[in-house]
Amino acid sequence: VVNRDNTIQFANRVLQIERTKWRGTLAGCRVLVCEHLDGRVSVYYGPHRVAEFGADPGEESVAPPPSLTAQETREESGQIMCS
């Protein structure tokens, strides 16, 4: 569940989710967090990828392409582990 300040906690990291065009905040919403085999972390709300973070905790968030859905991202990146 997204915190009031639009952050989530995952693997001892606090990840900030940026504002989306279709919804100002995701506070209180359930999201799907996927850790890829290369260490990247992707965050999904329904079919939308709302955030992607690099493998290193210090890396800035990577803006997701708005056209990719969760299924398309899974198909292009291969195997992922979701929690």
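The values are calculated or read from the model by the stated rules, or taken from the named source; none is laboratory data. From a predicted model like this one, the values you see are computed outputs, not experimental measurements. Side chains included, ligands, DNA and RNA excluded: accessible areas come from the protein's heavy atoms. Shrake-Rupley method; radii C 1.70, N 1.55, O 1.52, S 1.80 Å.
For the subset of segment 49-66 comprising residues that are of a type outside the set (Asp, Glu) and open to solvent by 80 Å² or more (accessible area, probe 1.4 Å), which member is modelled with the highest pLDDT?
PRO57
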*Filter result (in a loop (DSSP other than H, G, I, E, B), under 13 Å from the mean Cα position of the chain (by Cα), within 19 Å of PRO57 (Cα to Cα) and of a type in the set (S, T, N, Q)) within segment 1-46*: ASN6
